[in-house]
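Comments concern the structure below.
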Amino acid sequence: MPTPANALRIAVLPGDGIGTEVTEATLAVLEPLARRHGIGLAFETLRAGAFCYRDTGTAMSEETFARAAAADAILLGAMGWPEIRAADGTEIAPQLDLRFRLNLYAGVRPFRAIPGVPSALADPRARDIDLVIVRESTEGLFFSRDRGVVTHDMAEETLRITRPVTEKLARFAFGLARRRAEARGRPRGTEARGRPGVVTLVDKANVFRAFAFMRAIFAEVAAEFHDIESRSHYVDAMALDLVRRPWDFDVLPTENMFGDILSDLGAGLVGGMGFAPSADIGDTHAVFQPAHGTAPDIAGQGVANPTATLLSAAMMLDWLGARGAGQGFTDAAAELEAAVDAAFADGLRTPDIGGRDGTGAVARAVAARIGAASG
């Protein structure tokens, strides 16, 4: 595909294991989508990850970081490999380095019931699951990464929550809830939804001063958003209620570790990690990636589900459109999401939900539906 001179540059970091496979499938869909909407995308593939660490001694070179940071957006596959670890025993995770170095404080983890994809819940209301966990991604317990103290008798990690980052996270969450409420007021498919926006802070303020501090800051910011309802929920109760009544929730901001854990639970509600996209967003940069790992047990077999990566790419296009890239990007994002829905509604079934449609089959099925709605 010829690349327009004014194309936006996308740094592509396929990573390890199935990361390379789901990334290839996603690029195969993005190319016809870009042609259809007349949007310019220039992809630059960069190497980083566990096997890069094994071969070069560094998981992500400074050159790679600089090129990724200079791009308009970063699309990442998955990184890490169980047998390849740093000297301290931890897994290789340059994706975390990107979050910290680029100040990507808002980890956006949407969970939406996709037509035709079975839910873990038998309740018919499960088809209405449509929530977003907003995981603070630069501090919390993860602040202690590479800072923990380990002695013969003790290991200690430090949780940190700061006012500036918490205020940013709160405003991001309330702004997201407002945009989602506005979108629900417009037709989506055959049904218009008008549910108002609700932000539910997930914390442990009944035990820890840090979370009481976080809750107080959220209450201050909530006063700026009179049209959005503000609530709070303890993390243990939220784990229960995400199983009992996930359809009642909208936007759920939370501390880093809590968001890490609850995000896997959310994925389990809507079909599994193969259906869980994500974005890590800051003031000037963003990384888009599937929430799953590198899946060594199925790597190289062509059976990995690329849906999470496809939906992450849709999030990327929407983010670029919102930042001024043009309506074509926003329209392309909506069409990509609709094409995924249509493919599964028509019977596409990946191995992780009991089917036989592998990575390439998903890409072909989704690509075939690009433009199909308009004939």
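Brief remarks on what is shown
For (1) surrounded by 23 or more Cβ atoms within 10 Å (Cβ to Cβ); (2) in the same structural domain as ALA308 (by TED's automatic domain parsing); (3) in contact with a Phe, Trp or Tyr (Cβ under 6 Å, 6 or more places away or on another chain), each residue gets a yes or a no:
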residue	(1), (2), (3)
ALA237	no, no, no
LEU242	yes, no, no
PRO246	yes, no, no
PRO253	yes, no, no
GLY259	yes, no, no
ALA276	yes, no, no
HIS285	no, yes, no
GLN289	yes, yes, no
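- Residue count for region 136-155, restricted to those that are assigned to a helix (DSSP H, G or I) and touching a helix residue (DSSP H, G or I) at 6+ places or on another chain (Cβ under 7 Å): 2
- Of everything in region 48-68 that is touching a helix residue (DSSP H, G or I) at 6+ places or on another chain (Cβ under 9 Å) and within 30 Å of GLY328 (Cβ to Cβ), the residue that is surrounded by the most Cβ atoms within 10 Å (Cβ to Cβ) is ALA48.
- Residue count, region 216-268 (criterion: among the hydroxyl-bearing types (Ser, Thr, Tyr), under 20 Å from ALA120 (Cα atoms) and not in a helix (DSSP H, G or I)): 0
- Qualifying residue in region 181-198 (condition: modelled with pLDDT of 90 or more and β-branched (Val, Ile, Thr)): yes
- Selected residue (criterion: surrounded by the fewest Cβ atoms within 10 Å (Cβ to Cβ)) from residues of region 344-359 that are touching a Pro at 6+ places or on another chain (Cβ under 9 Å) and not in a loop (DSSP other than H, G, I, E, B): ALA345
- Looking only at residues of region 156-187 that are among the acidic types (Asp, Glu) and in a helix (DSSP H, G or I), we find that the one that is nearest to VAL207 (Cα to Cα) is GLU167.
The values are calculated or read from the model by the stated rules, or taken from the named source; none is laboratory data. Since the model is a prediction, treat every value here as computed from it, not as a measurement. Ideal geometry is used to build each Cβ from the backbone, glycine not excepted, and the neighbour counts take in all protein chains shown.
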